[in-house]
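Every read-out reported here was derived from the displayed coordinates using simple, explicitly stated rules and does not represent laboratory data. As the structure is a prediction and not an experimental result, all values here were calculated from the model. For neighbour counting, all protein chains shown are included, and Cβ atoms are generated from backbone atoms with ideal geometry for every residue, glycine included.
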């Protein structure tokens, strides 16, 4: 009986030991798993930080490269190495040894950048001093020619003003339909079918800059379908072709001059809007419109 109790007690003790071992193993395994997760999170954060530091460094190189009109080969090569390290870091495994290797490379690149940026700043100062010296020389040269250029500009502007001003100008341009009686009497009308001709009247304005003598202007009359009425002949001015209805010729004596011309229909006048343009050579100097019903 005592032997049976002894065996039962030994079995209970063994089971207790096994339970304690199982719980201890489970606790240790859970602790290792949590530590692994924490390490992975920590390594990921450090990897992201290294990547951010490399990105910041790359942007600094981009700014330095953009400030130079002539590419600095050392800066370009260093920028390419940074990009290569970033590309490699993206696909690397999250391990302590791998991350430490990238950190060492980053620190080396950081030291190199400080040297290159110092050299770049020195080069910019030298270039600035050289540009200042060249600017000073150019200023002295510009001062010598400034007065001559100023006179040339003024003379050119004056000649242009005189040329633009020495052009005949017209005022009070009017066009309207007229009925022509057998006696020669003209009666204005707004009726298209009753109009025998279109009368064009305008005034040549006085302009002392225009020399006296025989002059001519080109009159263009467009019907509602944009057809040129009258002679509808062409004249070419350089690269411009002008279709005109008639040539208005007169003797200009440096005073206001009233002129009237007539345009006969090609067939019958149509109802609608008519446009009258007056040209001095190829330049349009006045325009007007009227309507026949």
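Length available on full extension from residue 282 to residue 185: 0.36 nm per residue minus the Cα-Cα distance, which gives 31.5 nm.
Taking the Cβ-Cβ separation of residue 15 and residue 44 as r and a Förster radius of 51 Å, what is the calculated FRET efficiency to the nearest 0.05? Please list the in-between numbers first.
Values: r = 43 Å, r/R0 = 0.85.
Rounded to the nearest 0.05, the efficiency is 0.70.
Put a dot 7 Å past the Cα of residue 235, heading toward its Cβ, do the same for residue 259, and the two dots end up 1.0 nm apart.
What FRET efficiency comes out for residue 55 versus residue 140 if R0 is 35 angstrom and r is the Cβ-Cβ distance? Round to the nearest 0.05. Can you show the working numbers first?
On the way: r = 48 Å, r/R0 = 1.36.
So, using R0 = 35 Å, E works out to roughly 0.15.
Report the Stokes-Einstein translational diffusion coefficient (µm² s⁻¹, integer) for the stretch 170-292, Rh taken as the Kirkwood radius over Cα pairs, at 37 °C with viscosity 0.692 mPa s.
Details: Rh = 15.1 Å.
Stokes-Einstein gives a translational diffusion coefficient of 217 µm²/s.
Fully extending the segment from residue 249 to residue 90, taken as 0.36 nm per residue of separation minus the present Cα-Cα distance, adds 48.6 nm.
Arrange 219, 210 by Cβ neighbour counts within 10 Å, fewest through most, would you? It would help to have the intermediate numbers written out before the result.
Working: 219 23, 210 18.
Taking fewest neighbouring Cβ atoms as first place, the list is 210, 219.
Here each label is just a point 7 Å from Cα along the line to Cβ, and for residue 212 and residue 67 those points are 7.4 nm apart. Taking other Cβ atoms within 10 Å as a rough exposure proxy, 91, 204, 187 sort from fewest to most as 91, 187, 204.
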